[in-house]
Amino acid sequence: MINYSENNIITLIGTIVSDRRFSHEVYGEGFYSFDIEVPRLSDNSDIIPVTVSERILTDEYAIGQKVVIDGQFRSYNNYENEKNKLVLTVFAKDIKIFEPGDEEISNPNEICLTGFICKKPIYRTTPFGREIADILLAVNRAYNKSDYIPCITWGRNARYCQNIQVGEKVRLWGRIQSRQYEKKFENGTSEIRRAYEVSVSKMEIEKDMESMNEDSNSEEQNA
């Protein structure tokens with residue numbers, strides 16, 4: 001039996017920096033969203049949206065509270081202005097107040113994904129010669145659903161991505177990062193928006209059990 005929960009695992013430690021806002025309702029269960037600020041190793045930080053069920057959300061989770069969140073990085077399509085927009089959020093399966101003993105969790109922003117390459121990776125170099133490759137990963141979850149997660153790789157990983165084919169199954173580790181950009185409109189106005197992606201630190205090709213069995217049978221026939 002496939003354990004889809006192992007395809008998408010994330011742990012975040014950060015401070016709540018926004019009021020909660022109603023997100024949606026499923027079978028009478030309400031879900032709310034808020035933003036948390038997660039520090040990087042540098043002096044910068046990432047602002048990451050989190051979606052939480054009302055079943056585990058209490059009044060103690062307020063602005064300024066430091067929390068530990070375990071969950072998944074999910075996506076959904078939002079139809080806006082006659083266009084589909086990919087919306088990304090951390091879906092919290094568990095949330096708790098940060099305690100001093102939690103300091104042993106050394107990485108405040110850690111994600112592991114297993115999925116399939118669904119677009120040809122885009123490799124490029126920056127004006128300063130830094131190698132980058134963008135990939136879009138389809139991560140399966142239960143009930144025939146999938147999350148489409150944009151990821152960015154660097155250096156050796158970026159060069160490696162040049163040879164990865166669409167449909168290839170990969171496993172990767174990294175962190176969620178946020179970045180601001182200016183969205184310009186046809187009427188001349190603009191607004192500042194925030195985008196999210198997984199910054200990849202390590203990746204590898206995954207073989208599913210069916211492929212492994214085929215390889216094993218082929219080796220036995222050739223022995």
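Some points to look at:
- Meets criteria (modelled with pLDDT under 95 and closer than 19 Å to Ile176 by Cα) for Ile149: no
- Restricting the range 10-29 to residues that are surrounded by 14 or more Cβ atoms within 10 Å (Cβ to Cβ) and small (Gly, Ala, Ser), the residue that is nearest to Ser106 (Cα to Cα) is Gly14.
- Residues (under 20 Å from the mean Cα position of the chain (by Cα), outside any strand (DSSP E or B) and farther than 24 Å from Tyr181 by Cβ) located in the range 1-58: Asn3, Tyr4, Ser5, Glu6, Asn7
- The range 101-134, subset assigned to a strand (DSSP E or B) and β-branched (Val, Ile, Thr), residue farthest from Lys169 (Cα to Cα): Thr125
- Restricting attention to the range 63-96 and to residues that are at pLDDT 95 or above and surrounded by fewer than 12 Cβ atoms within 10 Å (Cβ to Cβ), the residue that is farthest from Glu6 (Cα to Cα) turns out to be Gly64.
- If you go through the range 101-117 and keep only what is modelled with pLDDT of 95 or more and out of contact with any Ser or Thr (no Cβ under 9 Å at 6 or more places or on another chain), you end up with Cys112, Leu113, Thr114, Ile117.
The values are calculated or read from the model by the stated rules, or taken from the named source; none is laboratory data. All of these numbers come straight from a predicted model, not from anything done at the bench. Counting neighbours? That spans all protein chains shown, and the Cβs are built from the backbone with ideal geometry, glycine included.
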